[in-house]
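Novice: One structure is given below, represented as structure tokens, and several questions about it will come after.
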Amino acid sequence: MNSLSPEVALSRISPELRPLLCSVVRNGRVGLDSTNCLRITDLKTGCTSLTPGPCCDRFKLHIPYAGETLKWDIIFNARDPELPPDFIFGEDAEFLPEPSELPHLVAWDAGDPDCLLQLVKELLQQYHQYQCQRLRDSSRLLFEYDSLLEDPNYGRSMEIYAGRKNSWTGEFSARFLLKLPVDFSNIPIYLLKDTALDPGEDVALLSVSFEDAEATQVFPKLFLSPSIEHALGGPSALHIPAFPSGGCLIDYVPQVCQLLTNKVQYVIQGYHKRREYIAAFLSHFGMGVVEYDAVGFTKLTLLLMWKDFCFLVHVSSCAGCCFCAVMITKTHRHALN
Amino acid sequence: MAASISGYTFSSVCYHSANSNSDHEGFLLGEVRQEETLSISDSQISSSEFLHIVEVHNHEPCAQLFSFYDYAGKVNEENLNRILKDRRKNVIGWYRFRRNTQQQMSFREQVIHKQLTNILGIPDLVFLLFSFISTANSSTHALEYVLFRPNRRYNQRISLSIPNLGNTSQQEYKVSSVPNTSKNYASVIKEHGAEFFDKDGVIKDIRAIFQVYSALQDKVQAVCAEVDQSERVKEKIQEEVKKLKEEISLRKRITAAEERRHQESLNTENHSLQDDSALSDSSSPPSLTRVLLQSPPLEVSLDWPPNSTALPLYPAAPAPPSAILLPRPQAVGSPGHPSPSLGLGNGDGSSSDSLNRQAIGQEDQLEEEEEEEEDEDEDSSEYENLVSERLQSPSLTDTAVSLGRPAALWPDGDTHSSGGSS
């Protein structure tokens with residue numbers, strides 16, 4: 001699969017269709033996992049080989065959904081750019097959305113650059129409904145879904161991908177992707193800025209994979225935005241508990257959510273505590289302050305003297321905690337003069 | 001379910017599609033028939049199998065996309081009727097052509113197909129998908145086609161066959177039952193057909209050949225009649241010959257009986273007239289001698305092995321009265337069966353006793369009868385009559401000869417033909 005950069009993809013697209021795809025590749029964030037953008041691959045043309053380029057009018061759109069990547073074929077006609085596209089939903093051959101519930105298809109406007117993106121979002125909504133319908137093959141998983149749906153904290157931010165029922169073993173698998181309602185807004189900015197790329201919205205996604213319909217093999221996984229992960233101390237800073245045997249999502253998800261919330265609060269409180277701590281040192285030993293970390297409040301150096309004995313006091317703490325370490329360095333008075 | 005499409009329809013669809021600079025669609029026209037196959041095997045008495053066969057005869061291309069449906073895929077029946085006109089009843093499916101896409105029904109195609117199924121009232125409406133795939137450098141192009149049966153589960157795919165497209169060296173050329181619906185073809189045939197077709201629509205050459213065939217049949221029938229007639233004549237002649245043979249043998253018996261009686265009477269007279277007995281000289285009626293010499297036993301075997309090339313035991317031409325003593329014919333396989341030679345005896349040099357006896361009996365009889373003249377004359381005269389009758393029956397012989405069956409009449413009445421007798 002040839003993954004093309006947005007610029008390359010746009011350069012090969014038919015000029016009449018370029019505005020539509022520009023909105024998709026640049027602003028195309030759909031679903032819960034908004035950290036991953038929509039990707040375009042396999043650009044092809046529906047014109048004859050004698051038609052001069054660029055004339056690509058059909059491609060494969062990669063859409064992240066519930067931990068999977070949907071690969072939908074979108075088919076335009078370069079000779080008729082005003083016409084709406086057609087779709088092939090990859091392996092989900094049985095997925096047939098209701099056209100009347102796709103407003104941006106019924107009233108397709110080729111002049112609106114966001115029309116295609118909006119249409120894709122509407123299709124995803126129907127795809128989500130289609131996957132939820134497929135959970136009916138397993139009463140256990142359907143119960144999990146219904147119980148989460150009733151909770152407003154999780155019901156509205158949930159993606160479900162129901163796998164194929166194994167005709168040999170009768171096994172049925174599914175994956176729940178939930179967006180945890182954790183507030184990351186109070187995380188100090190300095191903790192979030194040290195990232196290579198702009199991660200977009202800070203989210204925490206909990207993925208729970210049921211490998212069998214009776215929930216005997218459940219594998220949870222927590223996905224954090226890079227900045228959040230960095231703010232919390234890295235990938236190893238947070239470990240979520242294993243899914244309890246016989247447990248259910250309605251109990252487990254809040255537990256994980258609380259754990260994450262506590263961790264975030266700990267980080268925030270640690271920051272504030274350190275700031276207060278440094279402020280107290282400053283107010284008491286303001287004339288002896290050599291230097292201090294004014295962003296993270298993790299370091300402070302004081303120069304003190306006691307009966308001709310001068311010394312430096314280094315106070316430091318790691319980000320996210322209030323633990324302080326003090327180191328005293330002896331110096332001579334005449335060196336200070 | 002099986003499906004077939006005529007070669008010209010397939011090529012026409014491909015031509016329209018390949019020349020289109022975008023996706024292309026249209027309708028398939030044809031018929032659906034059902035075949036029932038009854039099979040009888042040892043395991044079960046009979047089993048019937050039904051097979052639906054879809055035959056595509058023609059296609060109706062749409063001028064442009066979205067010609068009979070809107071953006072949401074809702075079919076407009078008025079536009080549909082305008083496209084199909086009076087061919088709506090012949091619709092069996094529809095097709096779509098799109099380049100460089102998967103061989104899978106798209107979202108809009110499925111929506112449209114469901115509506116067409118309901119509007120046209122065809123439960124088993126088929127969908128033919130053409131895909132034209134080219135490599136990146138445009139060096140290789142592949143035209144792929146798949147026939148779907150979307151109203152069945154999992155969008156069942158049906159194999160589509162094109163008659164006479166394939167390895168024709170191992171297949172018979174199939175005559176398609178597809179009717180020719182081309183108007184241009186009909187007009188051309190109508191204009192120039194008189195040169196080749198007669199008023200009944202049959203090619204003239206065929207009729208001429210049929211006339212030749214009929215003439216040949218008439219001739220054969222006539223020859224059959226002639227053969228039949230000649231066979232009847234031959235049968236009649238054979239009947240006559242048979243009757244004559246019987247008559248001859250009857251006369252012989254009568255003659256022989258009279259001679260015996262006469263001989264007996266003479267013997268009684270001779271006893272009293274021994275001195276007056278006159279020996280018959282060499283001038284004794286030769287007819288009697290001829291009779292004695294040339295009268296074979298009555299058990300003449302007229303059966304001749306069929307299709308045999310047995311050499312005639314008798315020469316073809318009538319032998320003179322002074323002919324040598326001929327072997328008595330016997331059935332093949334019988335003891336003492338004479339060798340196919342004119343001489344006496346068997347092939348091993350020995351002679352059959354019967355033959356010897358016959359020869360001896362004939363010689364004795366000759367010696368006895370040589371002494372008599374009067375009665376011999378009468379007998380000889382009668383025998384001469386027989387002989388003369390024999391000799392005077394050339395008409396019969398001539399008739400046989402004229403019929404192409406050379407036959408030779410022996411004094412004894414046997415006839416031998418060159419071919420196998422009936």
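Novice: Which of the strands (runs of 3 or more DSSP E) contained wholly in segment A:1-111 include at least 2 residues that are touching a helix residue (DSSP H, G or I) at 6+ places or on another chain (Cβ under 6 Å)?
Specialist: A:39-44, A:86-88
Novice: How many residues are part of a helix (DSSP H, G or I) and under 56 Å from the mean Cα position of the chain (by Cα) if we restrict to segment B:79-99? Steps first, please.
Specialist: As a first pass, look at segment B:79-99 and keep what is part of a helix (DSSP H, G or I): B:79-90.
With under 56 Å from the mean Cα position of the chain (by Cα) added as a condition, the list becomes B:84-90.
Adding up the residues that qualify gives 7.
Novice: Which of the residues that make up segment B:1-55 are within 14 Å of chain A (Cβ to nearest Cβ) and of a type outside the set (Asp, Glu)?
Specialist: Hits for segment B:1-55 are B:CYS14, B:TYR15, B:HIS16, B:SER17, B:ALA18, B:ASN19, B:SER20, B:ASN21, B:SER22, B:HIS24.
Novice: Among (1) in a loop (DSSP other than H, G, I, E, B); (2) among the aliphatic types (A, V, I, L, M); (3) more than 13 Å from every other protein chain (Cβ to nearest Cβ); (4) buried (at least 17 other Cβ atoms within 10 Å of the Cβ), where does B:LEU165 come up short?
Specialist: Going through the list (1) in a loop (DSSP other than H, G, I, E, B); (2) among the aliphatic types (A, V, I, L, M); (3) more than 13 Å from every other protein chain (Cβ to nearest Cβ); (4) buried (at least 17 other Cβ atoms within 10 Å of the Cβ), B:LEU165 breaks only (4).
Okay, residues lined up against (1) free of Cβ contacts under 8 Å to residues at least 12 places away in the same chain; (2) touching a strand residue (DSSP E or B) at 6+ places or on another chain (Cβ under 9 Å); (3) closer than 24 Å to B:PHE97 by Cβ; (4) at the interface with chain B (Cβ under 10 Å from one of its Cβ atoms):
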{"residue": "A:GLU68", "(1), (2), (3), (4)": "no, yes, no, no"}
{"residue": "A:PRO81", "(1), (2), (3), (4)": "no, no, yes, no"}
{"residue": "A:LEU96", "(1), (2), (3), (4)": "yes, no, yes, yes"}
{"residue": "A:SER147", "(1), (2), (3), (4)": "no, no, no, no"}
{"residue": "A:PRO152", "(1), (2), (3), (4)": "yes, no, no, no"}
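Novice: Which one of A:ASP57, A:ASP73, A:ASP42 is within 14 Å of chain B (Cβ to nearest Cβ), more than 30 Å from A:ALA174 (Cα to Cα) and charged (D, E, K, R)?
Specialist: A:ASP57
Novice: Here is a list of conditions, (1) assigned to a loop (DSSP other than H, G, I, E, B); (2) surrounded by 16 or more Cβ atoms within 10 Å (Cβ to Cβ); (3) touching a helix residue (DSSP H, G or I) at 6+ places or on another chain (Cβ under 9 Å); (4) not aliphatic (A, V, I, L, M), and B:SER67 meets all of them except one; can you say which number that is?
Specialist: (2)
Novice: Does at least one position in segment A:46-61 carry a residue that is basic (Lys, Arg) and touching a Pro at 6+ places or on another chain (Cβ under 9 Å)?
Specialist: Kept after step one, since they are basic (Lys, Arg), are these residues of segment A:46-61: A:58, A:60.
In the following step, the residues that additionally are touching a Pro at 6+ places or on another chain (Cβ under 9 Å) were identified as A:58.
The answer is yes; a qualifying residue exists.
Novice: How many of the residues making up segment B:79-110 are within 14 Å of another protein chain (Cβ to nearest Cβ) and in contact with a Gly (Cβ under 7 Å, 6 or more places away or on another chain)?
Specialist: 4
Novice: Only residues that are small (Gly, Ala, Ser), surrounded by fewer than 17 Cβ atoms within 10 Å (Cβ to Cβ) and under 21 Å from A:ASN27 (Cα atoms): list them for segment A:109-156, please.
Specialist: A:GLY111
Read-outs: derived from the displayed coordinates by stated rules, not from any lab. Note that the structure is a prediction, hence the values are computed from the model and not measured. Methodologically, a virtual Cβ is constructed for each residue, glycine included, from the backbone with ideal geometry; neighbour enumeration extends over all protein chains shown.
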